[in-house]
Amino acid sequence: MKMKKVAYPYILWMAIFIVIPLFLILYFAFTTGDSQNFATFQFSLDNFKRFFTPTYLKVLGRSVNLAFISTIICLILGYPLAYIISKAEPRKRNMMVLMLVIPMWMNFLLRTYAWLTLLGRNGFINFVITKIGFKPLELIYNDKAVLLGMVYNFLPFMVLPIYTVLIKIEKSLIEAAEDLGANKIEVFSKVVLPLSMPGIITGITMVFIPAVSTFVISALLGGNKYNLIGNLVEQQFRWTGDWHFGSSMSIILMIFILITMALTSKFDKEKEGGGGGLW
Amino acid sequence: MKKRRFILLALSLIIVIMTVGCGEKKETINVYNWGDYIDKSVLKDFEEEYGIKVNYSMYETNEDLYIKLKQGGSSYDVIFPSDYMIERMIREDLLVKLNKDNIPNIKNIDEKFFNLDFDKDNDYSVPYMWGTVGIIYNKTKVDDVVDSWNILWNEKYKDEIIMLNSQRDTLAVALKKLNYSMNTRNIKELEEAKEQLLIQKPLVYAYLGDEVKGAMVSGEAAFAVVWSGDAVAMIRDNPDLEYAIPKEGTNLWFDSMVIPKSAKNKEGAEKFINFMARPDIAARNTDYIGYSTPIPEAVEMLPEDIRNSKVAYPADEEIENTEIFHDPSDIITEYDRIWTEITSQD
Amino acid sequence: MVSRGLKRLYTFLIFLFLYAPIIVLIVFSFNNSKSRGVWAGFTFKWYIELFKDAEILKALYYTLLVAVLSALISTVLGTFAAIGIYNMPGLSKKITLNLNYLPVLNPDIVTAVSLMALFRFFKMEFGLATMLLSHIVFCTPYVILSVLPKLKQMNKHLAEAAMDLGATPFYALRKVIIPEIMPGIITGCLMAFTLSIDDFVISFFNTGNNVSNLSIEIFSMSRRGINPVINALSTLMFVSLIILLLIINKRTEKNEIERGV
């Protein structure tokens, strides 16, 4: 196929802007010294030794756990929405897709800030709750608030790829299944769901990755009580100034994400094989 | 059809945007300051008086500023780092000496703010704003006398205490509680401070940055550790709040104007610093920001409630027992480790 | 009927969830106090101050400029890359795809710092150019990721058939492949625009010489309190987007009627 040639400019681009910077990060990760002065760098494994201690591993565990839960919630909430949108008439459909994207055009820090006004002890939601006669709830500065922030910020990243795949599913396939006597649940689980698998996989990666490395959400809604790995990386680069340790933590985070992706993409292929050789 | 129209629309948008950006050339200075830390009408006055255009941009932390200077590739003429960062920048030879003949207004600055440790003879820096760190509390929620850091460890106030989300400031509170220096380099003392913060953690509502203001004003918590300038603003919005400087002592801080080595217009920068130290300008600026000016004449021009505020302008004996931060240099890794241990603790 | 009502309710609730903070932002842009915590009466003063604030307007200009340019460039770059990658043989496809994932899976801060090190290495002046380049770097992978599923769904023989019938590869690309994957391209473009407008960390590390965007301004304010002028600006941006969408919607409706659909 000649078509592959159209990717060549991007391959050159990747070599400059992705591969070289990656090596720079690797270089930082395996050295110590004054981060701002290349002449002082010395090879060392200290950064990794420092990371593999209970304190840091605990933070990594927490981050992965929260990101995993928020990804699941996004999938459960997002799939039905993507489905509903894909079934709507075209004009309404486009409108709803845009409505998913528009909130993101307002700065995410501002939007996350706004949640404080809603969730705070004397915030709007508690105001309503106490007016009805209930006791106020602790809605903020805990893990639930962090999860809410993650789902809020990343839900569109789950809905959009699933939607993109769903509208491409040929109606005739579904009709055929119905004609062959499949009920609604069977049509969904045997036809629609397998065919939408590529979208689900993309959605999962697009939610899990930013969720596992976020630092703003845990800071604003979690009250900084329990840092996530993203906070630690951020701290190294922007406050402590130890870019070496920061880089080694990012490498570990990347390896972790790569493993997760390898697992999901394996799952993806199997399903695709069953879905009629789409690849 | 539709696609072509979209491309046309996008192109015309780009052209419009491009043309907006062009401007005339004249003498300029690049001023790089903390976010929302100047009355912008003051900049306009400066431009009119001196015919020098001010390019103004903002940073979030001292460390961000430091990275920008080290990164190179851009030039700033006036920057506003804090005490310990000035110390570090002088040590790393990032600043130029000021020509004080060009800054006659330096005489307006209160003598007690001169010759401080971070810049012994004020060769490099002119103070811009100063303040303390203390406890703000809500009188409707607190009956005890607030005069010591110990109250932040009182079980009675579980989930009513807000600490600063800053390694150094929060560790300083614990160190002061233990009557140690907040600049200690003794690991044992730092470990003790860590133990204190771990004991305190279950009582803490949150470790916050700016959000503390909204939380305290709306009455969400009883106590918070805050900077004095923010305290002034909070008390204005909620009169139930009060500010106290604990008797064990606290942090005294300065943000000063300095000129980095990369400056392209040193004369313009000195004119700007001189302008900012003029009493009427400093007064107007201070009134807008809400922090404390080091210029006594400017204080006189402020509205009465601010001028007489013990929060913004405490008596000398109240700040006798204060310390200024020093550059932590290598000990910063210890701060970092301790802070991570605190924030990873369940 | 019940299920239809249920669907409507569900959609409504999700959109309420997505828009609740925005409503708060809009309401507080009229608040007569700098503090976020309390309501102190109605005012227009932040809107008036906004138009006097040269720095924020300049930041808005750079934000839009960078967002539009990086969205367009990364859409073109990404679409072609996706088509090429899709047609690559197994192993090189895998390698390219995984490399492409790097900017997506790296924490923003790492992409930011590594790019900064790269620009420093090439002795580039920090400013608009470096900021734009870095935005294209992190936007393009998202375009590729939203175009690829479309390609996977497309009938592989479609382009081949077109070429068998005498179409040049370029003609087949333009007339067969691109229209087929258009929804993916549009999603990718929107996503690139959105990511660019929202980005803080990468912009911060890769700009200089007084070029800043709204995110940088907002973050720099977050230590001393966000100026409600920013809320006013966001409200205006939001409202103008909605109006723009309504106009587009009306137009397509009219076109459809004219064409007798």
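The values are calculated or read from the model by the stated rules, or taken from the named source; none is laboratory data. A quick note: this is a predicted structure, and the numbers were derived from the prediction, not measured. As a convention, Cβ positions derive from the backbone with ideal geometry for all residues, glycine included, and neighbour counts pool all protein chains shown. Please note that ligands, DNA and RNA were not included when accessible areas were found on the heavy atoms of the full protein model with its side chains. Shrake-Rupley method; radii C 1.70, N 1.55, O 1.52, S 1.80 Å.
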Q.
Tell me the residue from C:Ile197, C:Ile218 that is more than 13 Å from chain B (Cβ to nearest Cβ), crowded, with 24+ Cβ neighbours inside 10 Å and in contact with a helix residue (DSSP H, G or I) (Cβ under 9 Å, 6 or more places away or on another chain), please.
A. C:Ile197
Q) Looking at C:Leu25, C:Leu99, which one is within 11 Å of chain A (Cβ to nearest Cβ), in a helix (DSSP H, G or I), touching a helix residue (DSSP H, G or I) at 6+ places or on another chain (Cβ under 7 Å) and under 30 Å from B:Leu241 (Cα atoms)? A) C:Leu25
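Search segment A:161-181 for residues being in contact with a Lys or Arg (Cβ under 9 Å, 6 or more places away or on another chain) and at pLDDT below 85, and hand back the single one that is least open to solvent (accessible area, probe 1.4 Å).
First, pick out the residues of segment A:161-181 that are in contact with a Lys or Arg (Cβ under 9 Å, 6 or more places away or on another chain): A:163-168, A:177-178.
Subset that is at pLDDT below 85: A:164, A:168.
On the way: A:Thr164: 8, A:Lys168: 65 Å².
Checking each candidate, the answer is A:Thr164.
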Q | Filtered residue count, segment B:216-274, keeping only those that are in contact with a Gly (Cβ under 8 Å, 6 or more places away or on another chain) and β-branched (Val, Ile, Thr) | A | 6
Q: Scan B:Lys177, B:Lys194 and give me the residue that is touching a helix residue (DSSP H, G or I) at 6+ places or on another chain (Cβ under 6 Å) and open to solvent by 30 Å² or more (accessible area, probe 1.4 Å).
A: B:Lys177
(Q) Whether any residue in segment C:70-77 is in contact with a His (Cβ under 6 Å, 6 or more places away or on another chain) and among the hydroxyl-bearing types (Ser, Thr, Tyr) is what I want to check. (A) yes
Q) Which number in (1) at pLDDT 85 or above; (2) within 8 Å of another protein chain (Cβ to nearest Cβ); (3) open to solvent by 40 Å² or more (accessible area, probe 1.4 Å) marks the one condition that C:Val239 misses? A) (2)
Q | Selection within segment A:221-234 - more than 7 Å from chain B (Cβ to nearest Cβ) and in a helix (DSSP H, G or I) | A | A:Ile229, A:Gly230, A:Asn231, A:Val233, A:Glu234
Q: Only helices (runs of 4 or more DSSP H) wholly contained in segment B:237-346 count here; list those with 2 or more residues that are among the aliphatic types (A, V, I, L, M) and more than 14 Å from chain A (Cβ to nearest Cβ).
A: B:266-276, B:279-289, B:296-300
Q: Inspect all residues belonging to segment B:212-225 and state whether any of them is open to solvent by 30 Å² or more (accessible area, probe 1.4 Å), at pLDDT 90 or above, in the same structural domain as B:Ser166 (by TED's automatic domain parsing) and not basic (Lys, Arg).
A: no
**Q.** Criterion (farther than 23 Å from A:Met261 by Cα, basic (Lys, Arg) and part of a helix (DSSP H, G or I)) met by exactly one of A:Arg50, A:Arg62
**A.** A:Arg50
Q: Would you check which residues across segment C:140-176 are at pLDDT below 85, at the interface with another protein chain (Cβ under 9 Å from one of its Cβ atoms) and within 19 Å of A:Ile167 (Cβ to Cβ) and list them?
A: C:Leu145, C:Ser146, C:Pro149, C:Lys150, C:Lys152, C:Gln153, C:Met154
Q) Can you tell me which of A:Leu109, A:Leu147 is touching a Ser or Thr at 6+ places or on another chain (Cβ under 6 Å) and either more than 21 Å from B:Ala221 (Cβ to Cβ) or not in a helix (DSSP H, G or I) (or both)? A) A:Leu147
Q. Looking at (1) in contact (Cβ under 8 Å) with a residue 60 or more places away in the chain; (2) of a type in the set (A, V, I, L, M, F, W, C); (3) open to solvent by 70 Å² or more (accessible area, probe 1.4 Å), which is the only condition A:Phe124 fails?
A. (1)
Q) Does any residue of segment A:89-102 turn out to be out of contact with any helix residue (DSSP H, G or I) (no Cβ under 9 Å at 6 or more places or on another chain), more than 10 Å from chain C (Cβ to nearest Cβ), more than 18 Å from C:Phe17 (Cα to Cα) and not in a helix (DSSP H, G or I)? A) yes
